[in-house]
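Colleague: Submitted below is the structure of interest, expressed as C-alpha cells.
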Amino acid sequence: MPTSYDVIVVGVGAVGSATCHDLARRGLRVLGIEQFSIPHNMGGSHGNSRQTKIAPYIGSDYEPIILRAYELYRELVEESGQTDLMVTTGFLDLAPHRNFPGYKKNLGHFEDLNAGQIQARFPQFQIGEPYWGAYDPAGALLRPEVMITTCVRLAMQRGAHILGNTKVLDWSADSGGVTVKTDRETYTADRIVFCAGPWTGKLLKDLGIACTVTRMSFAWVWPLKNVKAYELGAMPCWCIEDEDGIYYGFPMMTDVPGYKIGLHWYGQPVDPDCFDRTPNAHDEELIRKGLRRYFPEANGPLVGLRTCLYDHTSDDVPIIDRHPGHDRVTLCGPLCGAGFKFVPAYAEIAADFVEKGRTELKSDFLRIDRLLANTKTA
C-alpha cells in the first residue's frame, strides 16, 4: 500500500464514506481512515434506519442542500443497484398546534391534516386534538449501514484505499501538504478532510469553538397486535412533538425485527471516548412513555435497545468549510444530530473544497466564520 495520496479522509462513517466516494469518483487518490470497523455502532451512523423529507426545508437555507441530497441519493441507488438504500415511505410530522416551523403552506410540498384526518388515514397513531399533521409524500427511509458500505465499496472499486480499525495518533499541515500518523503507518497527502463526527469537537477546541456530544437511545419493540399496520407500506416515517422532546420512528422492515422508535432530544453530555454505552432501564422508559402515549397497541416486548451519539455546535448548524488556519484542511462536521438526510450533499461540498477550493452549491450558512465571530465577542 502506498503512503502518499491526493487526499486523506479521517472518519469513514456516513459523511466520511460519502466523501471518499465523491472524491474517488473525481479521480483523486483517496485514503480513508476509520478508528473502528466499517460500519460501526460507536457514533451516530447506525441503527438500520434514518428518515428524510423535503417539505420542512423548502424556502430555508437548507433547500438547495436537501434537493441536491435527494438527487445524489437517487444517483447512488442507480449506480450501486442497492434499491433498499432509500425507500419512499412518506413522512408525517405531528405537533399539538397547526404552526409547523419551516413548513411554507403556500408552496404546496405537504398535506395539512387535522386530528380526524390523521386518525382516518393513519389509525396506528393515537392522536387527538389539538394535534395537527404535516404529511410530506416525498419522505423516505434511509439505510445508514447500507449507505456506508455501498459508498465504501464503490470508492474502493475506483481505487480508493480505506482502512478500518486504524487510529489517528497525530496530524499536521503546512504549505507542503499534510501528514497523518496512525497506529499502523504514517501517511502524507496534499489535503485532508475531517469527518470525525462526535470527535470533531476535539479538533475545534484550539479555535475556541465549543461542540457538545450527547448520548441518545432508541429501541425496537414488537407490537402487541395488528402488526401489519406498522410494516413498510402501511406506516410512514414520522415524528411527534412532545413535552419530553420529539419522538420519531419508522415502519418495520423485514431484516430487523420490531418497530423502531426513539426520542430526539439533546440527551446527556458525554466524552465520546469515555461514557457508558450500555442501554439501561431509564433509556427504555423514555421510549415506553412515547409508546404509551401514542402507540399503545405497539407497546410490546422489547426486541432491541441501543445508544448512539449526537454532536452539536452552539447554534445547532453543521460546519462544512475549510479550516480557517489551514488551507489544506476541510472540516465536515459536526452534523448536529440531523445530518444523515443531507450527507451526500455535505460530502459534495467538502469534495468541492478539496478539488476547487470553493463550491457551487449554496451553503454559506454552514461556514465556520459565524462561530469564530462568536468566540471573538465572547
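Colleague: Could you please state, rounded to a whole Å, how far the C-alpha centre of the range 317-333 is from the C-alpha centre of the range 10-85?
Modeller: The range 317-333 and the range 10-85 have Cα centres separated by 18 Å.
Colleague: With the calculation restricted to Cα positions, what are the radius of gyration and Dmax of the chain in angstrom?
Modeller: 20.8, 65
Colleague: Pop a pseudo-label 7 angstrom from the Cα along the beta-carbon direction at both D276 and L207 and give the gap in nm to one decimal.
Modeller: Here the modelled spin labels are 3.4 nm apart.
Colleague: Which of the listed residues, I65, Y294, P198, is farthest toward the dipole's positive end in the chain, when Lys, Arg count +1 and Asp, Glu count -1 at the beta-carbon?
Modeller: Checked the options; the winner is Y294.
Colleague: Using the basic label-point model (7 angstrom from Cα toward the beta carbon), what is the K228 to T188 distance in nanometres?
Modeller: Here the answer is 6.6 nm between the modelled labels.
Colleague: Which one of P318, L85, L31 has its Cα pushed farthest toward the positive end of the charge dipole of the chain, where Lys and Arg give +1 and Asp and Glu give -1 at the Cβ?
Modeller: L85
Colleague: Fewest first, what order do S60, S175 take by the number of other Cβ atoms within 10 Å? Could you put the intermediate results ahead of the total?
Modeller: On the way: S60 14, S175 7.
With the sparsest Cβ surroundings first, the list reads S175, S60.
Colleague: Whole Å is fine, so just give me how far the alpha carbon centre of the range 242-261 lies from that of the range 123-145.
Modeller: Each part's Cα centre sits 11 Å from the other's.
Colleague: Would you order L169, L141 from fewest to most other beta-carbon atoms within 10 Å of each residue's own beta-carbon? If you can, show how the numbers build up before the last one.
Modeller: Details: L169 11, L141 23.
Result, fewest neighbours first: L169, L141.
Colleague: Only bridges whose two residues both fall in the chain count here: according to DSSP, what percent of them are antiparallel, nearest 5?
Modeller: Working: 54 of 76 bridges.
Antiparallel bridges: around 70 percent, rounded to the nearest 5.
Colleague: Over all directions, what mean area does the Cα convex hull of the range 71-226 project, stated in square nanometres?
Modeller: Details: hull surface 61.2 nm².
Result: 15.3 nm².
Colleague: Among T52, T88, which comes first, then next, by fewest other beta-carbon atoms within 10 Å? Write down the numbers at each step before the final one.
Modeller: Details: T52 25, T88 13.
By the 10 Å Cβ count, ascending: T88, T52.
Colleague: Show me 240-252, 353-365 ranked by packing, highest mean number of other Cβ atoms within 10 Å first.
Modeller: Numbers: 240-252: 19.9, 353-365: 15.2.
Output ranking for 240-252, 353-365: 240-252, 353-365.
Colleague: Going by Cα centres, the range 356-373 and the range 160-213 are how many Å apart?
Modeller: Taking the Cα centre of the range 160-213 as reference, the centre of the range 356-373 is 20 Å away.
Colleague: On to the next question. Of all DSSP beta bridges located in the range 1-149, what percent are antiparallel, nearest 5? List each step's numbers first, then the result.
Modeller: On the way: 14 of 18 bridges.
That works out to approximately 80 percent antiparallel.
FYI, it's all coordinate maths here, none of it is from the lab. The structure displayed is predicted, hence computed values, not measured ones. Note that each Cβ is placed from the backbone with ideal geometry, even for glycine, and that neighbours are counted across all protein chains shown.
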